[in-house]
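Okay, so here's the structure we're looking at.
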Amino acid sequence: METCNFTGSSVASFWLVGFPSLQDHQFPLFFVFLIFYLLILSSNVTIIVAVATDPKLHKPMYFFLTNLSILDILLTTITIPRMLAMFLIKAKSVSSKGCFLQMYFFHGLAVTETFLLVVMSYDRYEAVCHPLHYAARMTKQKNLRLAAGAWFSALLVTIQPIFQSSQLTFGEMPRVNHCFCDHLAVVQAACQNAHTTFQSVLAFTMSMTVAFCPLLLVVISYTCIMVSVLQIKSKEGRRRTFSTCFSHLVVVITYYFSIALAFLAYRIKMPSDIHILSDMTFAILTPLVNPLIYTLRNRDIKRAVRQLASSKVFFMQKERLHLDQVRSKEMF
């Protein structure tokens, strides 16, 4: 019988089970998640570079979009590379400190995205409801404070539940039924006498608070935006004004859909693979979809990406021409 006399901080390592029903399909899983990761990196880096190199995009909306892209890169980098190693070389053992650090940054960054979506909805509220005072209200200093507040407060509020879970009692090498160190999966790996009910309730309560209180603020912002849009007399003016908010609204819906899917999977009795897949949807779906939404729906971003692509093509052609000239001189 396994002894349960180790706290989370004293456990040497945790054992990540991965997908229980797909143990014989590690290479396909590796390539699927590798493709997802490369798509997330390339698309979000493209947006960051496009915004940074185009002076016309040096606006509050795109400053916050850059923060969102950086956040999505970090969120997936916390989990996917470790998963790729697990799928490729079966590196399923993770140290205790590494597990809790991964747990902290994954959930901290997830909460940061929630807060950042609120900040972006506030920016759209100011742009639509107070267009004449928008530039004076959304200054660079205020934008920096709003973004920094979203990052710092989210990473701060995540400390308590992670610390509490590190004090639970575990066996010598706990088995975590997940592909990474998710909070609820680690809590469920604790011994039965470890009072995990409190941890589960605490995690659920905090998750609901940090997810749905910001959602309420987003709903309030968009209610005010809709009221302002409906007051515009011309149909074309209403369409043009609301189109500036549409991409962000789709991102919010996608994000909360993935959260609801993860919560639902944990509350309903389902196979372990479904629980894990629901969390992976939350961890991968929004970072993958966010840049696609903004690239496809936002004219300024599409224009900047096209200019960036054309400048790269021009640079490559110029380099090729230069090399051809050098080679021709060497021949003669």
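Quick notes
- Scanning the range 211-248 for residues that are among the hydrophobic types (A, V, I, L, M, F, W, C), at pLDDT below 85, under 30 Å from Ala154 (Cα atoms) and open to solvent by 40 Å² or more (accessible area, probe 1.4 Å) yields Phe212, Phe242, Phe246.
- Restricting attention to the range 126-145, the residues that are in a helix (DSSP H, G or I), open to solvent by less than 80 Å² (accessible area, probe 1.4 Å) and over 26 Å from Gly237 (Cβ atoms) total 2.
- Listed by first and then second residue, the pairs linking a residue in the range 253-278 that is more than 19 Å from Thr114 (Cβ to Cβ) and hydroxyl-bearing (Ser, Thr, Tyr) to a residue that is surrounded by 17 or more Cβ atoms within 10 Å (Cβ to Cβ) and at pLDDT 80 or above, with Cβ atoms under 9 Å apart and 6 or more places separating them unless they lie on different chains, are Ser272/Val17; Ser272/Phe19; Ser272/Asn177; Ser272/His178.
- Single residue of the range 47-72 satisfying the filter (without any contact (Cβ under 8 Å) to a residue 12 or more places away in the chain and not in a helix (DSSP H, G or I)) that is surrounded by the fewest Cβ atoms within 10 Å (Cβ to Cβ): His58
- Residue within the range 292-301 that is assigned to a helix (DSSP H, G or I), farther than 24 Å from Thr76 by Cβ and at pLDDT below 80 present: yes
- Residue within the range 167-181 that is open to solvent by less than 50 Å² (accessible area, probe 1.4 Å), touching a helix residue (DSSP H, G or I) at 6+ places or on another chain (Cβ under 7 Å) and part of a helix (DSSP H, G or I) present: no
- In this structure, Thr112 does satisfy being touching a Leu at 6+ places or on another chain (Cβ under 9 Å), closer than 30 Å to Ser272 by Cα and open to solvent by less than 10 Å² (accessible area, probe 1.4 Å).
- The residues in the range 305-332 that are under 23 Å from the mean Cα position of the chain (by Cα) and either at pLDDT 80 or above or hydroxyl-bearing (Ser, Thr, Tyr) (or both) can be counted, and the count is 0.
- Within the range 57-79, the presence of a residue that is of a type in the set (Gly, Ala, Ser) and more than 30 Å from Gln141 (Cα to Cα) is excluded.
- Val157 meets each of the listed conditions (1) surrounded by fewer than 16 Cβ atoms within 10 Å (Cβ to Cβ); (2) free of Cβ contacts under 8 Å to residues at least 60 places away in the same chain apart from (1).
- Failed item, numbered, when Phe63 is tested on (1) at pLDDT 90 or above; (2) under 30 Å from Pro161 (Cβ atoms): (2)
- Filtered residues of the range 18-41 (kept if surrounded by fewer than 17 Cβ atoms within 10 Å (Cβ to Cβ) and in contact with a Lys or Arg (Cβ under 8 Å, 6 or more places away or on another chain)): Gln26
Condition check ((1) under 26 Å from Leu88 (Cβ atoms); (2) charged (D, E, K, R); (3) modelled with pLDDT of 85 or more) across all residues:
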{"site": "Asn143", "(1), (2), (3)": "no, no, yes"}
{"site": "Leu146", "(1), (2), (3)": "no, no, yes"}
{"site": "Ala150", "(1), (2), (3)": "no, no, yes"}
{"site": "Pro161", "(1), (2), (3)": "no, no, no"}
{"site": "Ser165", "(1), (2), (3)": "no, no, no"}
{"site": "Ala185", "(1), (2), (3)": "yes, no, no"}
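- Within the range 130-147, residues that are without any contact (Cβ under 8 Å) to a residue 60 or more places away in the chain sit with their Cβ atoms under 8 Å from residues that are open to solvent by 80 Å² or more (accessible area, probe 1.4 Å), at 6+ positions apart or across chains, in these pairs: His130/Arg137.
- Qualifying residue in the range 261-279 (condition: open to solvent by less than 50 Å² (accessible area, probe 1.4 Å), within 26 Å of Met61 (Cβ to Cβ) and either part of a helix (DSSP H, G or I) or not acidic (Asp, Glu) (or both)): no
- Given (1) open to solvent by less than 50 Å² (accessible area, probe 1.4 Å); (2) among the hydrophobic types (A, V, I, L, M, F, W, C); (3) out of contact with any helix residue (DSSP H, G or I) (no Cβ under 8 Å at 6 or more places or on another chain), number of the condition Met120 does not satisfy: (3)
The values are calculated or read from the model by the stated rules, or taken from the named source; none is laboratory data. Nothing here was measured: the structure is a model prediction, and the numbers come from that model. Cβ: placed from backbone, ideal geometry, glycine included. Neighbour counts: every protein chain shown. Heads up: the accessible areas ignore ligands, DNA and RNA and are worked out on the full protein's heavy atoms, side chains in. Shrake-Rupley method; radii C 1.70, N 1.55, O 1.52, S 1.80 Å.
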